[in-house]
Amino acid sequence: MPPIISLSQVSQFNDQEVQIRGWVRHRRSSGKIQFITLRDGSGEIQAVLSKSTLGPEQFESAAQLVQESSLSVTGRLRADARAPGGYELDVSQFNIFHIAETYPIQPKEHGVGFLMDHRHLWLRSSRQHAILKIRHEIVKACRDFFDDRDFVLIDTPIFTPNACEGTTTLFQTQYFEETAYLAQSGQLYGEAAAAAFGKVYCFGPTFRAEKSKTRRHLMEFWMVEPEVAFAELPDVMELAEAFLVTIVQRVLEKRQEELKVLERDVSKLEAIIPPFPRLTYQEAIECLQKCGSPIQHGGDFGAEDETMLSNEFQKPLIVHRYPSSIKAFYMEPDPQRPDLALCMDVLAPEGYGEIIGGGQRIHNYQVLVSRLKEHKLSEEAFRWYLDLRRYGSVPHAGFGMGIERAVAWICGLDHVRETIPFPRMLSRLYP
Ligand code: 4AD
Ligand code: MG
């Protein structure tokens, strides 16, 4: 029996008899020969079926192989410089698993709504392959970055008893007799783990019940969040800088083919080298006002402001020291200006806006208690979090990066909906 191989391995089997299993992308016939473009998820190949080799009966039965039908083919691999993957397969035998019904996704232009309704099938297209393989590469690069620096992976819970990022975007659910919320971030648990292990990260799904219908918002997204004991704001700015440079470099190194499918201008990615520009919130406001934004001091950046700001730079931009009033309760106040928070947002270039949020956390017990009060959060619910300020409290800092926004930027996509296999959006829970 010839070996069963995947299409990513063809170069190791030139001139050999192999078996390949996959799906029909396309079939055409020229009388005594049929050509089937076969994909198996790892690549594509043109399979050549000839009447003289297969005999008239087998040859005719191949005519039923409409798009997305599944089959296994056996044949000899032949290097051919003109073939898309560099090889063709001369088929000696094939077995049909399933003849597909008329496939709803055709090479013509479909509307986004239609494609999203068929997301389970749309995943088979080469563009979606390119995006999701880059996503995989980015996820792996994130893990490698922290693993290589001796961060300990800490998986944080999804059912939580309290808010992390503000009470207006919480998904509430029943947890037996109690009310629970889906995690908006793993950070608070990351802080507990940082006091236990020093340097940690969590990486998991997070949830925001945000009634936002922008090209940057999902209700469910994946976030990678490092947290470091004894670190202060400048330390995590540097960490975020090295982190972004590393993941962009990794994609450039390993995913050129996919970037080409997406027609990504890679020169924009090659420009992502340190140092990144750093602006205070105050400087960013001035920059925006100069660009014509109506934003006033004290206001939070809207999506348009972020786009405007990040369009001004060729590299990710670090904006730091926002007013505490527009940030989460746990932000450490700036000792020089207690109305400002020692926090940062990193805005991706090319108008992509915020991809990272983070900063230094309050480590003083009393300051945290009064912040909880100001934010009308229950001290009782945060008892465990306050404990971290009672037993060996130290300055500490961290950040979170949303994977989907990073993928959208690195792939050059105009919406996050294609960066995750099954997006959860304001008006979409299907499929
Ligand atoms: O700025 P955010 O809300 O920060 C936190 O959650 C902190 N607790 C993180 C930390 O310090 N450990 O979210 C961080 C990042 C954003 O910069 C963005 O990339 C992503 O998470 N994000 C979203 N991505 C997609 N859809 C949404 N609705 C998002 N909300 C945040
Ligand atoms: Mg943020």
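The table below gives the values:
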| quantity | calculated |
| --- | --- |
| Förster-model FRET efficiency, 51 Å R0, S61 and S267, C-beta, rounded to 0.05 | 0.55 |
| Positive-pole candidate from Y87, F145, H120, dipole of region 63-155, charges at beta carbon | Y87 |
| Cleavage-rule hits, GluC sites (Glu not before Pro), region 55-109, DSSP coil, Cβ neighbours within 10 Å at most 10 | E101, E109 |
| Gain on full stretching of the segment that runs from K254 to A100 - 0.36 nm per residue minus C-alpha separation | 52.0 nm |
| Efficiency of FRET between S8 and S427 - r from beta-carbon atoms, R0 30 angstrom, step 0.05 | 0.20 |
| Two-site label geometry, F171 and K213: point separation in nm, points 7 Å out along Cα→Cβ | 2.0 nm |
| Gain upon complete extension [R76, D144; 0.36 nm per residue less C-alpha separation] | 20.6 nm |
| Charge dipole (debye, nearest 20) of region 119-418; +1 at Cβ of Lys and Arg, -1 at Cβ of Asp and Glu | 560 debye |
| Highest-fluctuation residue, V66, V346, V224 considered, GNM on the chain with Cα pairs under 10 Å | V66 |
| Computed label-point distance, nm, for sites S92 and S325 using a 7 Å Cα→Cβ extension | 7.9 nm |
| Nearest-ten-degree value, helix 365-374 long axis tilted from longest Cα axis of the chain | 80 degrees |
| Gap separating the Cα centres of region 282-322 and region 332-362, nearest whole Å | 13 Å |
| Dipole-positive endmost among H363, I247, G400 within the chain (Cβ charges, Cα centre) | I247 |
| Within region 190-320, percent of DSSP bridges classed antiparallel, to nearest 5 | 75 percent |
| Length gained when the stretch D15-V369 is fully extended (0.36 nm per residue, less Cα-Cα span) | 120.2 nm |
| Rounded to whole Hz, the Karplus (6.51, -1.76, 1.60) HN-Hα couplings of region 143-157, x for glycine and proline | 4, 4, 4, 6, 4, 5, 9, 6, 6, 9, 6, 10, 7, 9, x |
| Relative exposure of V48, V112, V416, judged by other C-beta atoms within 10 Å (fewest first) | V112, V48, V416 |
| Sites V394 and D155, calculated FRET efficiency, Cβ-Cβ separation with R0 22 Å, nearest 0.05 | 0.45 |
| Residue of L269, L54, L233 that the Gaussian network model of the chain assigns the largest fluctuation, springs spanning Cα pairs under 10 Å | L54 |
| Considering only the chain, percent of DSSP beta bridges that pair antiparallel, nearest 5 | 90 percent |
| Cross-link pairs beyond the 31 Å C-alpha cut-off, checked among K211/K373; K199/K254; K254/K315; K211/K376; K108/K315 | K108/K315 |
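Each reported figure results from applying straightforward, stated rules to the coordinates on display, with no laboratory input. What you are looking at is a predicted structure, and each value in this text was computed from that prediction instead of being measured. Don't worry about glycine lacking a Cβ; one is built from the backbone with ideal geometry, like all the others, and counts go over all protein chains shown.
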